[in-house]
Each structure stands twice: as structure tokens, then as C-alpha cells.
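Read through the structure below, which is laid out as C-alpha cells, and then see the notes.
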Amino acid sequence: MDTIILGIESSCDDTSAAVLKNGVLLSSVIASQAVHEAYGGVVPELASRAHQQNIVPVVHEALKRAGVAKEALSGVAFTRGPGLMGSLLVGVSFAKGFARGLGLPMMDVNHLQGHVLAHFIKESEGDAHQPHFPFLCLLVSGGNSQIIRVNTYNDLEVLGQTIDDAAGEAIDKCSKVMGLGYPGGPIIDRLARQGNPLAYTFSKPHIPGYDYSFSGLKTSFLYSLRDWLKEDPDFIEHHKEDLAASLEKTVVDILMDKLRKVVKATGIREVAVAGGVSANNGLRAAFHEHAARYGWRIYIPKFGYTTDNAAMIAMAGHFKYLDKDFCPIDLPAYSRVSLK
């Protein structure tokens, strides 16, 4: 019997719904919120209001594109956390009402686990490019930087994580200091393609173990920029490509240095990357370089699965449905939690 899962994601500023049939993606619809660009970051109250407007048409469109009647669904998966509480409540409340009205089981999904399991989304029946357990996953986004050992879909062990800023957060803040706009990640990525990554040197942390730190890099970038601007008030405009390329290289070097150590220590050569920063071209190039140099078998998600999306939530829900790991209707959303 077919397993058809509706996934709902509303953890931040994207309202998304997706439909999977036996792990194969039938549809994925995302409604983004441009209103936050004027504020240089996501405004929680505006985000939750936009989710309320978007959730019904987004789910309707996902079912329509999939050619699936709501009565044919096997279950509903939704992001329960972490994320912005107001945004989460919209998706969680809708999922509960929708599932209850149709008598469907519900699967609550940890947003971070969803990013990791995005690698198992199939776009066709013959799609077989998925990691084999156990594998390592570098999860990098605006709010998280973690190295995770994935033993099974529901057994994830965090081996290292940031002790302060996340990689994406550091890039966004440096972009903001340069006056480049929001979100900073795609802007830095685009400029870096035209710059010299060896033009400038910024501070790298010396943190023991496999943990990350990016606050020192952010401070080093800020102070260096301040000194250069004293000599040339138009320094940023004249050198923004080289600044972006050098910043990107420093972030990627920090990420890959710890990941190499974990691969060496564990002996696991199945290595994946996930999260919003996995869309960065410099990081993707570093993964390919390491695969060639060290014999890693790498897994890089398609760009559509790097940012927040419901397809990854539906994928996690698919695994939970097969295990009959359903959640009761009274489970609340949660804003902060580490991936265990």
C-alpha cells in the first residue's frame, strides 16, 4: 500500500508544503516573505502573520500539483521546532486541525533532523543517490553549525557544534556591516565568485575538540574593516569582491578543518552537507576537493533542498510513519532545542 505524506514547514519566514509518495517527491510549494528585507532580518510578528495568510493556499497548491486528494493521504508531518514560536504555531496548529479533521496520524519533526534527512528525498523511483548509514553530516545554516554522526534516521549524535555564532549568522552579520543587504549569504556567495580569496586574512579560532566558533572571525572582520575605512572611506565599494571571497574562504576553511578531523577519527568516509549554507558555492567546491583528495563519498543536496522546505519534513515524516512513530495532538511547539 502506498505511503503518501503531506509535509508542512513554518519554522521561520518560509511557508512550505510538500507531498511525498513512497519517498518520491510529488510536489513542493514554498511561499517566501519579502517584507523582511527592509528590516535587515526576520521580524517574528510579521512572519507569523504572513504564515497565517499563506498556509491554506500553499497546502492546497501542494496537493493540487501532486494530484493527490486529501482523503488519500497516509499522514501529516510538521515542523514542531526549533524556530520562531509564532511561526511554528501557525504550522503546528494547521497540521493538527487538518490531520484531526481527516482522522490522519501526525508525525512531529525536528527541523534540524529534517535538513539531515533531505538527502533521502527521491525525485524518481530510480533515484538511488542516498547516504549509507552511518554517515557524517555537516549541518550549516544561519542558526546552526554542527557535525553530526547519523547512525539511523532517528539516531543522530552531535559530535561538534558552534559555541557562539553559527557560520551563516557570521556571514550575514559581516554582510550587514558591509552594507550589502539581507540575506547576506547569497550576496557574499555571488561577490566571492568574482574576488580573490587570498586577498585578506582574518582570524581563525583555536577551539579544542570538534566544536566551532565564529564570533572571533566576525570581530576580526569588523576591526579590519574599521581600520581600512579610516584610510579609504570607499574601501568596501572598491574591494567588496575580494572581501567577500576572503570571508567565504575563512568560513569554509574553519568548517572543513574540523570535519576532516572527525572523518579521520571515526573512519567514516560517507560525508554529507545540509542546511542553508550548503548552497554556498565555495563550500560545495571544498566538498568536491576533499572527495578527490581524501576519497570521501560526498552527498550535496540540490539547491531547492538547502533552505527551509517541507519536502525534508515530509521525508522525516515518511520514516516516522513506517515506524508508526506518531505524536499525540497535545504536543506543543518548541522554539529552542539541540539535536540529540
Checklist (1) within 18 Å of the chain's Cα centre (by Cα); (2) under 18 Å from residue 236 (Cα atoms); (3) β-branched (Val, Ile, Thr); (4) open to solvent by 20 Å² or more (accessible area, probe 1.4 Å) applied to residue 188, failing item: (4)
Condition check for residue 168: touching a residue at least 40 places away in the same chain (Cβ under 8 Å) and under 29 Å from residue 312 (Cα atoms): yes
Checklist (1) under 30 Å from residue 4 (Cβ atoms); (2) open to solvent by 30 Å² or more (accessible area, probe 1.4 Å); (3) acidic (Asp, Glu) applied to residue 237, failing item: (1)
Only one of 54, 22 that is within 16 Å of residue 316 (Cβ to Cβ) and open to solvent by 10 Å² or more (accessible area, probe 1.4 Å): 22
All helices (runs of 4 or more DSSP H) inside the range 209-296 with 3 or more residues being without any contact (Cβ under 8 Å) to a residue 60 or more places away in the chain, of a type outside the set (A, V, I, L, M) and within 30 Å of residue 11 (Cα to Cα): 215-231, 235-266
Subset of the range 297-310 (residues that are in contact (Cβ under 8 Å) with a residue 24 or more places away in the chain and either assigned to a loop (DSSP other than H, G, I, E, B) or acidic (Asp, Glu) (or both)): 300, 301, 306, 307, 308, 309
Single unsatisfied condition, residue 299 versus (1) among the hydroxyl-bearing types (Ser, Thr, Tyr); (2) open to solvent by 20 Å² or more (accessible area, probe 1.4 Å); (3) touching a strand residue (DSSP E or B) at 6+ places or on another chain (Cβ under 6 Å): (2)
Evaluation of residue 202 against (1) of a type in the set (Phe, Trp, Tyr); (2) assigned to a helix (DSSP H, G or I); (3) open to solvent by less than 40 Å² (accessible area, probe 1.4 Å) (one fails), failing number: (2)
Some residue of the range 154-162 being touching a residue at least 60 places away in the same chain (Cβ under 8 Å) and farther than 30 Å from residue 318 by Cα: no
Per-region count, the range 114-143, residues closer than 21 Å to residue 320 by Cβ and surrounded by 23 or more Cβ atoms within 10 Å (Cβ to Cβ): 8
Selection count, the range 151-174, where residues are in contact with a Phe, Trp or Tyr (Cβ under 9 Å, 6 or more places away or on another chain), over 26 Å from residue 216 (Cβ atoms) and assigned to a strand (DSSP E or B): 3
Only one of 298, 254, 236 that is β-branched (Val, Ile, Thr) and over 23 Å from the mean Cα position of the chain (by Cα): 236
Residue list for the range 74-113, filter: open to solvent by less than 10 Å² (accessible area, probe 1.4 Å) and not small (Gly, Ala, Ser): 76, 78, 79, 88, 92, 107, 109, 112
Lone unmet requirement of (1) aliphatic (A, V, I, L, M); (2) more than 24 Å from residue 245 (Cβ to Cβ); (3) under 16 Å from the mean Cα position of the chain (by Cα) for residue 159: (3)
Those residues of the range 309-340 which are open to solvent by less than 30 Å² (accessible area, probe 1.4 Å) and under 18 Å from the mean Cα position of the chain (by Cα), in sequence order: 309, 310, 311, 312, 313, 314, 315, 316, 317, 339
Residues within the range 103-133 that are touching a Lys or Arg at 6+ places or on another chain (Cβ under 6 Å) and not acidic (Asp, Glu), tallied: 1
Filtered residues of the range 191-215 (kept if within 23 Å of the chain's Cα centre (by Cα) and at pLDDT below 95): 215
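The values are calculated or read from the model by the stated rules, or taken from the named source; none is laboratory data. Everything quoted here is computed from the prediction, not taken from an experiment. Heads up, the Cβs are rebuilt from the backbone with ideal geometry, glycines too, and the neighbour counts pull from every protein chain shown. The protein model used for the area step is the full one, side chains on, heavy atoms only, and it has no ligands, DNA or RNA in it. Shrake-Rupley method; radii C 1.70, N 1.55, O 1.52, S 1.80 Å.
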